[in-house]
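Every read-out reported here was derived from the displayed coordinates using simple, explicitly stated rules and does not represent laboratory data. What you see is a predicted model, and the numbers here were worked out from it, not measured in a lab. Counting neighbours? That spans all protein chains shown, and the Cβs are built from the backbone with ideal geometry, glycine included.
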C-alpha cells in the first residue's frame, strides 16, 4: 500500500481550479519531488494534500485512509508534517519553543524528540534560547524542519526548502532530507532546484498547468531529453 | 515633608491604583487582539459583569468573608472570575465565532463587540439598577493611616484595604501570566498562534481550543480588574465603560499584542493621568520664602483640570504613536 496516494486531485482558491486532476503516489521509504514551471500548481498540490485548500475533486489516501479536506491538525495526528515555504517559524518564540510546538499533540515525547532534533541539527542546540526570528535563513529552515519532525511524521511535506538559501545551506538541506528519509520518513517536496532535487528523488513528478506531464524515477526524468528541454533548462 | 506625603498619597498611591487597573484591563484587550486580531470594545463591560457577579454574591452571602477575616467581595472574586470566564466563552460562541467562521474583516468584529457592549450594559442596568452600590455590603472598608516616624510630619500616608488587595492581585496576575505564557504548553501555544496562526494550525495546535482558553483568561482578568475598581470606589453599571478608552490607550502604548507591554502601558497611562492633574503648587510651597518676590505662587499648578483627565491618555497615545508607532514593546500595527 502506498504511503501517499493522490488520484485526480482538483482544487484551487475561490472557485478557480489550479489543480486539474493531479495523480501522485509515493511509498513509505521514498523521496518524491515535484518540479515544474511557475504557476504549475506545485505548492498548491502540497497544500491540497495538507488540507490547506479545498479539494473539489479526486481522492487522497494516507496509508489507504481517505484524508482529503481533513483539518491540518487532524493530519498531524495521522502522521503528516508540513513545512511551508515562507513564514515557517514562530519568530518571537525561542528555537526550543518552536520545536516544542511541533510536539504539541505529543507532549510526552517532546523531550526525547528535542534531543534527537538537536543531534540532527547541531546549530539549533547552540541557539535554542534565541528567538527564531533572529536566525539566518538556513537556520530558520532547520527550525522549520525540526518543528515538523518533532511530531514524528511518517510523511513530511516540504515546500521549496532551499528557496533563497546560499549553496552551502542548500547542500546541507538536501543532505538532511536524505538522512530524514533514511530514518524511514517518506518525503514529498516541491523544489525550484530541479536537477539537484531529482538527483535524490525516488519519484519525480513534473507538473504543468495543474496536470501531470511526466512521472518517473528521478534518474529517468533527468535522463529524459523531453523533460530536460522543457523543464530543466536544456 | 507634609508636602511629600501629599505627593505619595496623590501620585504614588493614586497612580499605582489607576495604573494597576489599566494594566490588568489592557492585558485582556491585548490578548484578544493577539489571538483574534480585533479590538474588543466589550472588554470594559466584561469587567463590569465580573464586579456585578461579586456584588450579587456578596449581597446573597454578606457574611461569608467575616469568618476568615477578609472582605466578602474578595471571597466571592474567584467565583466571579469563573462566571465571567464562562460569559466570555459564551459570548464568543454566540457572537464572534459565527462571524469568524465567515471570515469577516476585523472591523465587523469590532462593530459586533460594540453590540455586545450595549447588550451587556443593558442587562446589567436591568438587574443592578443605575445607581451606585458599594461592594462592602456587610463589611467595613478599612482605611489605613500610616504616620511616618519623622518629626514635623502630621499627614499620614493613606491607603485603603481594597487598594492593598489590588496591588497584591496585580502582582499575582503579572507573575501568573508570565508563568503561563512562558512555561506552560497552552501558554506557549497562545504565543505561537499570536505569531503565526497558520503555522500553529500546521503544527497540530487546535486553534479553536486556544481561542476558548484565551477568552477564559480574558474573562478572568476582566473580573479581577472590574471588581477591584468597584471595590476601590463603588459599583456602577457604567464604571468600567468610562475607562475603556484609557485601557485601549494603555494597550496601544505598550505595543498591541504584547501582554507585558500592556502592563507597562497601563502604568504609563495611569501615572501620566495622575501626574497631569496633580497640583504641583503644593510641592513648591515649602520653597515659597526662597522664591523671588515678583513670583507669586498660584494656588493651583496642575497641568490640566481633573475634569479634563480623560484627554491625558490620548495625548500620550498620540505622542507614543508619533514617536514609536508600534508602542513601547514593539507590538503589531493595528
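Beta bridges per DSSP, both residues in chain A: antiparallel share near 55 percent. Taking a ≥ b ≥ c as the square roots of the eigenvalues of the Cα gyration tensor of the range B:1-120, is the shape rounded (a/c under 1.5), prolate (a/b larger than b/c) or oblate? Oblate, because a/c is 1.5 or more while a/b does not exceed b/c. The mean count of C-beta atoms from other chains within 10 Å of the C-beta of residues in A:68-76, rounded to a whole number, is 4.
What the Cβ-Cβ distance of residue A:69 and residue B:308 gives, at R0 = 60 Å and to the nearest 0.05, is a FRET efficiency of 0.55.
Sorting A:154, B:105, A:47 from the fewest to the most surrounding beta carbons within 10 angstrom yields B:105, A:154, A:47. Estimated at 0.36 nm per residue, the fully extended path between residue B:37 and residue B:150 surpasses their Cα-Cα distance by 35.4 nm.
Once both labels are positioned 7 Å from their Cα atoms along Cα-to-Cβ, the gap between residue A:86 and residue A:175 label points is 3.0 nm. In chain A, the longest principal axis of the Cα atoms and the axis of helix A:110-120 are about 70 degrees apart. Relative to the longest principal axis of the Cα atoms of chain B, the long axis of helix B:43-60 makes an angle of roughly 80 degrees. Roughly what angle does helix B:311-323 make with the longest principal axis of chain B, taking Cα atoms, 0 to 90 degrees, to the nearest 10? Helix B:311-323 and the main axis of chain B meet at about 70 degrees.
Averaging 1/r over every pair of different alpha carbons in the range B:185-229 and inverting the result gives a Kirkwood radius of 11.3 Å. Residue exposure proxy: B:154, B:191, A:74, ordered by other Cβ atoms within 10 angstrom of their Cβ from fewest to most, comes out as B:154, A:74, B:191.
Once every DSSP H run of n ≥ 4 in chain A is given -39500 (n - 2.57) and the sum is divided by its residues, what mean residue ellipticity at 222 nm do you get, rounded to the nearest 500 deg cm²/dmol? So the helix-based figure for chain A works out to -10000 deg cm²/dmol. Scoring B:14-22, B:210-218, B:243-251 by mean Cβ neighbours within 10 Å over their residues and listing the highest first yields B:243-251, B:14-22, B:210-218. Output the antiparallel fraction of DSSP beta bridges having both residues in the protein assembly as shown, as a percent to the nearest 5. Of those bridges, close to 60 percent are antiparallel. Listed from fewest to most Cβ neighbours within 10 Å, the set B:164, B:57 follows the order B:164, B:57. For chain A, how big is the tail of P(r) above 27 Å, as a whole percent of Cα pairs? Roughly 31 percent, rounded to a whole number. Once a ≥ b ≥ c are taken as the square roots of the eigenvalues of the Cα gyration tensor of the range B:112-219, is the result rounded (a/c under 1.5), prolate (a/b larger than b/c) or oblate (a/b not larger than b/c)? Since a/c reaches 1.5 but b/c is at least a/b, the shape of the range B:112-219 is classed as oblate. Once both labels are positioned 7 Å from their Cα atoms along Cα-to-Cβ, the gap between residue A:77 and residue B:86 label points is 2.8 nm.
Averaged over the residues of A:83-95, the number of partner chain Cβ atoms lying within 10 Å of the residue Cβ comes to 4. Using helices alone, what [θ] at 222 nm do you get for chain B, with -39,500 (n - 2.57) per DSSP H run of 4 or more residues, divided over all residues and rounded to the nearest 500? Only helices count here, giving -20500 deg cm²/dmol.
For the segment A:96-105, counting C-beta atoms of other chains within 10 Å of every residue's C-beta and taking the mean gives 5. Rounded to the nearest whole angstrom, the semi-axes of the ellipsoid equivalent to the range A:87-152, taken from the Cα gyration tensor as √(5λ), stand at 17, 12, 10, largest first. Over the range B:182-334, the fraction of Cα-Cα pairs per 10 Å bin, rounded to whole percents and listed from the shortest bin up, is 10, 27, 28, 20, 9, 4, 2, 0.
FRET efficiency for the pair residue A:183 and residue B:114, taken as 1/(1 + (r/R0)^6) with r the Cβ-Cβ distance and R0 = 51 Å, rounds to 0.40. Rg and Dmax over the alpha-carbon atoms of chain B stand at 21.4, 75 Å. Distance between the 7 Å Cα→Cβ label points at residue B:290 and residue B:125: 5.5 nm.
If R0 is 25 Å, the Cβ-Cβ spacing of residue A:230 and residue A:1 corresponds to a FRET efficiency of close to 0.15. Here is the tail figure for the protein assembly as shown: Cα pairs spaced more than 46 Å apart come to 32 percent of all pairs.
Volume of the convex hull of the range B:64-108 (Cα atoms only), normalised per residue: 70 Å³.
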